[in-house]
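What follows draws every value from the coordinates through simple rules; no lab data is involved. All values reported here derive from a predicted model rather than from experimental measurement. Because the Cβ atoms are built from the backbone with ideal geometry, glycine has one as well, and the counts that use them run over all protein chains shown.
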Amino acid sequence: MRETRLKILQYVTGVGLFIIAGYHLWFSHLSGDEVTSWESVTERAQSAGWLAFYILILVFGIYHGLHGLRTIVLELSLPDSAAKTLDWVLLAVGLAILGYAAYIPISAI
């Protein structure tokens, strides 16, 4: 049951990434304005809505990527103890990446 929930969350984050990363790319790179200048980026980061949007992209992307990596590694038929260790290592790596990556837009406030 746990694996089913994790796989459903994998699908949800994939669809979510498609939508929110697509919006981000459209707004930031295809709108024609100067939205990629540092002043524009820091101005958007000071908005609670944009900050939440950036953090959501991070959370979805980190989960989706690390769960995909976990799925690939578990296809090697690891013993249960190695699989549990892998889960904890990926959780620690994901939280470290999230903490570091979230610091960047939060520090711009």
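Key figures
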quantity	calculated
Spin-label pair TRP88/TYR23, simplified geometry with 7 Å Cα→Cβ offset, distance in nm	3.8
Relative contact order of segment 2-107, defined on C-alpha pairs under 8 angstrom at six or more residues apart (%)	33
Largest to smallest principal axis extent of the C-alpha atoms in the chain, angstrom	52, 25, 20
Coil-residue GluC sites (Glu not before Pro) of segment 1-101, DSSP, other Cβ within 10 Å capped at 10	GLU34, GLU75
